[in-house]
Amino acid sequence: MLKSIQAVSHLLVTPDNPPRTDGDGMDRERCAALHNAIYKHGWVASGRDPADFLRQSRPYLDSHPSLAQDDFLHPSVLAFLRAARALPGNHEINFFYHIWGLNYEPGGRDYCFPDSDQSLLLYGTAWSYGNDGLVYDQNTHTAILHLDITDDLTPGQAWQPLECILTVWIEMIQRQKVVAIPANVGKTSYESIEGGGYRRIEGPQQDPATVPWSSQDLEECLELWIMIVKLIEEKMGLRDAEQTETLLKLPTLANARIPNGFAQEFLCRAWRPRFQYIAPGLRAPSASKFATQPFIDTNGDDGNEDEVPPILLFRGNAVVSARELSWLGFPAQQSAVDCPNGLYLNGCGRSTQYPQEDGCSLILPFGFEAAAWKDALWAKKSDYSPANKCDDLLQAGVNPYNDIHPVQLQAFLENVYTNVESGYWVVDEHGVAGVLDKYREADTEHGWSKYYVQLGPGGYW
């Protein structure tokens with residue numbers, strides 16, 4: 001099923017195979033091969049005949065021959081369009097979950113490039129995702145996903161070489177975050193995916209589609225959790241012991257009305273540690289505390305099975321106002337609502353455009369504000385914009401690869417492991433030592449990189 005993807009594995013961006021930096025325009029052969037592999041995979045995985053792909057597709061430039069005479073296009077971009085394949089306008093398959101296919105709309109972004117606008121819309125969005133797409137700048141030969149034309153677009157954002165973006169999209173396919181749906185599906189249903197995860201199928205389809213979580217997401221989180229528990233217990237001087245207890249039992253989760261899905265699978269399978277604190281000021285869940293979930297109505301009905309509420313995973317000792325935290329689901333006009341701080345799994349609409357049940361947000365009882373005595377705010381999101389709000393730390397900011405979404409739980413757990421393993425976080429008899437104020441070090445010159453998540457190929461996206 002992944003033959004077309006495997007055939008270009010040697011072209012994926014990795015530390016040993018970085019993007020080209022010789023300044024000679026787009027790496028057109030590499031990008032065209034990655035593009036064609038993604039398109040062919042979607043064609044084949046949706047149940048279509050592999051042989052028909054070459055018969056029905058053609059190089060984009062063959063369908064738009066006048067572009068060959070367009071002086072606006074850089075020669076390397078023109079060469080890419082000469083090799084990258086496209087399907088007829090009436091085709092029934094999208095290039096990617098949020099991308100309809102190749103496009104050509106030159107310029108129109110003087111507000112972003114007032115001195116020399118050499119940008120073009122290289123890929124257009126699928127009809128339900130926005131009105132822009134993947135914007136390519138021929139001055140720097142970098143690109144950025146810009147789904148909505150009304151969103152900010154600046155040269156200072158995290159523009160990336162096209163081969164990096166295409167590599168990330170292939171990684172999403174490999175992790176089964178993006179899956180192709182058979183062409184003959186024309187029904188509405190809610191189905192589990194083999195190996196883990198869920199998707200809602202609305203027919204008729206224009207594949208591919210995204211899933212809320214995959215088995216790889218879950219297994220890697222569980223593996224990281226085991227590593228964290230072993231590391232902290234070793235630093236506590238505890239001997240190895242047979243692990244028979246899990247974090248929580250199914251009846252506890254049922255009483256807390258935790259729906260089937262990623263949270264339930266993780267909590268029912270993760271080891272119960274022999275310590276309290278998994279991070280500074282954040283407790284591992286216990287049955288008594290976990291049952292009190294601030295955003296789940298334990299007296300109501302089960303509600304819509306497609307809607308997963310925010311779930312407090314690692315509880316802190318402080319209380320914060322949830323009024324400004326729109327992702328918690330409170331209407332703006334509602335009076336201020338207080339909630340415990342801590343690490344939350346974000347609410348997830350399983351049938352939304354980019355569902356993510358393993359997305360999380362760290363809510364601190366403070367934000368980070370610029371001060372007169374320092375030149376800049378050190379706390380940063382992945383795009384290097386200021387992480388000034390109480391729920392900004394470890395988040396992506398503007399994501400050049402993907403739709404807006406919270407950081408994965410795996411990224412938070414990796415951050416925990418790295419800070420404990422390096423000794424930056426100290427361990428005492430209760431687990432990870434320190435209080436929530438430890439996170440204030442994210443806004444210091446020596447500490448900001450300890451609370452920063454890198455996006456890109458081979459990492460998070």
(request) For H430 paired with D297, estimate the spin-label separation in nm (one decimal), with each label point 7 Å from Cα along the Cα-to-Cβ line. (result) 3.6
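Among W43, W159, which comes first, second and so on when ranked by fewest other beta-carbon atoms within 10 Å?
W159, W43
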(request) Once you have a ≥ b ≥ c as the square roots of the Cα gyration tensor eigenvalues for the chain, tell me rounded if a/c is under 1.5, and otherwise prolate or oblate according to whether a/b is larger than b/c. (result) prolate
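Relative to the Cα centre, what is the charge dipole magnitude of segment 213-451, using +1 at the beta carbon of each Lys and Arg, -1 at the beta carbon of each Asp and Glu, and rounding to the nearest 20 debye?
Using Cβ point charges on Lys, Arg, Asp and Glu, segment 213-451 gives about 580 debye.
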(request) Please work out the FRET efficiency for the pair S66 and D115, using the Cβ-Cβ distance as r and a Förster radius of 30 Å; give the result to the nearest 0.05. (result) 0.60
(message) Check which residues have an amide H placed less than 5 Å from T246's amide H, if you skip close sequence neighbours.
(response) R272
(request) Could you pull the Rg and Dmax for segment 309-461, using just the Cα atoms, both in Å? (result) 15.6, 47
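Considering only Cα-Cα distances, which of the following residue pairs are longer than 30 Å: K289/K438; K289/K389; K177/K235?
K177/K235
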(request) Go through segment 25-35 residue by residue and turn each phi into a ³J(HN,Hα) via Karplus (6.51, -1.76, 1.60, θ = phi - 60°); whole Hz please, and just put x for glycine and proline. (result) x, 5, 7, 5, 5, 5, 5, 5, 5, 5, 4
(message) Cut-off is 10 Å between beta-carbons; in what order do E414, E429, E163 appear when sorted fewest neighbours first?
(response) E429, E414, E163
(request) Hand me the trypsin sites (Lys or Arg not before Pro) from segment 352-461 located in a DSSP loop with no more than 13 other Cβ atoms within 10 Å, in residue order please. (result) K374
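For segment 3-178, what class follows from the C-alpha gyration tensor (a ≥ b ≥ c being the square roots of its eigenvalues): rounded when a/c is under 1.5, otherwise prolate if a/b is larger than b/c, else oblate?
rounded
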(request) Can you tell me which of 99-112, 240-253 comes out highest on packing, and rank the rest after it, using the mean Cβ neighbours within 10 Å? (result) 99-112, 240-253
(message) Just to check I understand the Karplus step: with θ = phi - 60° and J = 6.51 cos²θ - 1.76 cosθ + 1.60, what whole-Hz values come out for segment 11-20, glycine and proline as x?
(response) 9, 5, 6, 9, x, 8, 9, x, x, 5
(request) Provide the per-residue ³J(HN,Hα) series for segment 42-57, in order, calculated from phi with Karplus coefficients 6.51, -1.76, 1.60 and θ = phi - 60°, each as a whole number of Hz, with x at glycine and proline positions. (result) x, 5, 6, 5, 8, x, 8, 6, x, 5, 6, 4, 5, 6, 9, 9
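Every read-out reported here was derived from the displayed coordinates using simple, explicitly stated rules and does not represent laboratory data. The model shown is predicted, which means the values in this text are computed figures rather than measured ones. When we count neighbours, we look across all protein chains shown, and the Cβ atoms used for this are built from the backbone with ideal geometry, even at glycine.
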